[in-house]
Structures are given as C-alpha cells and as structure tokens.
Amino acid sequence: MKMQYQEFTNLCMLYLLIAASFSINLPIAFGSVCLTLFLVFWLISGSYLSRLSLILMNPGARISLMLLGLYTIGVTYSSATWHDSIHYLAKYAKILIIPFAITVITTDKHRNYVINGFLISLIGYLIVSYLNWLGFFEFGVMRHGTYMAVGMYFMLRNAYRKIGFYRTVWTALAVLTALNILFVADVRTGVVTMFALLLIFF
C-alpha cells in the first residue's frame with residue numbers, strides 16, 4: 001500500500017513538472033499553480049531521507065542550495081527594510097524547486113519528458129514571436145531571452161544526438177532561436193546566457 005502511494009505521488013509530481021515546464025512561456029499563473037501543487041505532493045510523498053540523499057549527491061542541487069544560502073546571508077547585510085528583504089528573498093526561494101525536482105526526475109526518460117514539454121512550449125513561443133515581429137498581429141513586446149537561450153542549448157543537444165532529418169530540424173530550430181535572441185527579443189541577459197551555453201556545448 002505504501003509503495004502504491006509513493007508511486008502515485010511520484011507520478012503526480014512528474015506530470016506537474018512536465019506541465020510547469022510547458023507553461024514557462026504561458027502567463028505566470030499557470031506555472032505557479034503547477035509548482036505549488038508539485039510542492040504539496042512533495043511534502044506529502046514521504047521518503048524524506050532517501051530524497052535528502054539524492055539532493056546531497058547532486059551537484060546542481062547543492063549549488064542551488066548554496067546560492068539560496070548566500071542570498072539569505074546577504075539579507076542580513078542589506079540596507080533595505082526587513083519587509084522588503086523577506087519579500088525579495090521569497091522570490092529567490094523558487095530556487096528550491098531545483099533540488100526538489102531532482103528527487104523526482106531520476107531517469108533519462110523522465111528528464112526528457114520535462115525537457116520536451118519545455119521545448120514544445122518554446123517552439124510555440126517562437127512561432128508567435130516571429131509572427132508578431134513580421135507584423136501579422138500585435139502581441140506586445142516578447143522578451144524571454146534566458147528561457148530561449150536554455151531552449152537553444154537543448155535543441156543543439158538534440159541535434160547532436162540525432163541523425164538525418166531530425167538533426168536538420170533541431171539545428172534549424174536552434175538557429176531560429178539564436179536569431180530571435182539576437183535580433184527579435186533583443187535581450188542582453190539572453191545574449192550573455194546564449195554565448196555561455198554555446199561555450200559549454202562546444
């Protein structure tokens with residue numbers, strides 16, 4: 001019974017992470033709901049010792065915890081009011097999603113599900129962004145440079161791992177994403193992130 005309960009909560013958390021990754025380019029409320037529900041299921045899922053072990057063994061999880069720790073220490077030295085400091089610290093607390101998610105995404109299959117959810121959303125965003133840029137409709141300024149840079153990296157990774165037609169498709173999508181970052185979205189943070197990820201990739 002306990003095993004079935006844990007399998008159910010893990011499955012719910014996985015689907016919520018996929019939905020959250022897909023909703024990154026949607027209004028923020030969608031992602032907030034998905035991540036809030038994910039945290040609720042994480043808290044009631046149990047197996048805390050094994051999950052803590054996974055977090056401590058993962059470099060990405062440790063780095064995110066150390067980063068949040070640095071922000072927390074920084075709050076004590078800030079000249080801002082405690083109300084403002086806690087308010088902005090709460091925004092950075094979202095970093096905790098990284099170690100929590102790592103305890104759920106334990107296989108390449110599950111990892112690819114989450115990444116593909118994000119890429120599908122990004123491709124839809126690219127289509128809308130280019131149509132907006134070409135003047136087919138007015139959708140306002142669209143600037144998701146950092147997300148796009150991360151998406152470009154995963155597209156290049158997919159292109160590297162594929163052959164033939166699929167390699168061509170993923171390469172073309174990566175190029176279109178890079179051009180969007182440079183000339184359409186025109187976001188400095190996205191440009192810096194893109195070149196950093198290109199360096200890592202190559």
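The values are calculated or read from the model by the stated rules, or taken from the named source; none is laboratory data. Not measured: the values here are computed from a predicted model. FYI the Cβ positions are ideal-geometry reconstructions off the backbone, even for glycines, and counts take in every protein chain you see. Remember, those area values only see protein heavy atoms, side chains included, never the ligands or the DNA or RNA. Shrake-Rupley method; radii C 1.70, N 1.55, O 1.52, S 1.80 Å.
What aspartates and glutamates sit close enough to residue 94 to cross-link, taking a C-alpha to C-alpha distance under 20 Å and skipping anything fewer than 8 places away on the same chain?
84
Tilt of helix 28-45 relative to the longest C-alpha principal axis of the chain, in degrees (0 to 90, nearest 10)?
Its long axis makes an angle of about 30 degrees.
Could you give me the ³J(HN,Hα) list for segment 69-78, computed from phi with Karplus coefficients 6.51, -1.76, 1.60 and θ = phi - 60°, whole Hz, x at Gly and Pro?
Coupling constants for segment 69-78: x, 5, 4, 5, 4, x, 4, 5, 9, 6 Hz.
Over the chain, what is the relative contact order in percent, taking alpha-carbon pairs closer than 8 angstrom and at least six residues apart? Mind showing how you got there, number by number?
Working: 192 pairs, mean separation 40.1, N = 202.
Relative contact order for the chain comes out at 20 percent.
Students often get this wrong: which residues of segment 178-202 have the backbone nitrogen under 20 Å from the point 7 angstrom along Cα-to-C-beta of residue 123?
178-181
Got the relative contact order for segment 2-75 handy, in percent, Cα pairs under 8 Å and 6 or more residues apart? Mind showing how you got there, number by number?
Values: 33 pairs, mean separation 20.2, N = 74.
So the answer I get is 27 percent.
Compute the angle between helix 165-179 and the longest alpha-carbon principal axis of the chain, please, reported from 0 to 90 degrees and rounded to the nearest 10.
Approximately 90 degrees, to the nearest ten.
Calculate what fraction, in whole %, of the accessible area of segment 1-159 sits on carbon and sulfur atoms when a 1.4 Å probe is rolled over the protein chains.
Of the solvent-accessible surface of segment 1-159, carbon and sulfur hold 72 percent.
So what is the orientation-averaged projected area of segment 73-199, using the convex hull of its C-alpha atoms, in nm²?
Seen from a random direction, the Cα hull of segment 73-199 projects 10.9 nm² on average.
Using helices alone, I'd like the mean residue ellipticity at 222 nm for the chain: each DSSP H run of four-plus residues gives -39500 (n - 2.57), total over residue count, nearest 500.
So the calculated ellipticity at 222 nm is -25500 deg cm²/dmol.
Mind checking which of 97, 113, 85 is farthest towards the positive end of segment 63-190's charge dipole, using Cβ charges of +1 (Lys, Arg) and -1 (Asp, Glu) about the Cα centre?
113
Relative to the longest principal Cα axis of the chain, at what angle does helix 48-57 sit, 0 to 90 degrees, rounded to 10?
Around 50 degrees separate the two axes.
For the pair residue 5/residue 65, report the inter-label distance in nm, with labels modelled 7 Å from Cα in the Cβ direction.
Using points 7 Å along Cα→Cβ, the separation is 2.5 nm.
Sort 58-67, 180-189 by the packing proxy (mean of other Cβ within 10 Å over each peptide's residues), most packed first.
So the peptides 58-67, 180-189, ranked by packing, come out 180-189, 58-67.
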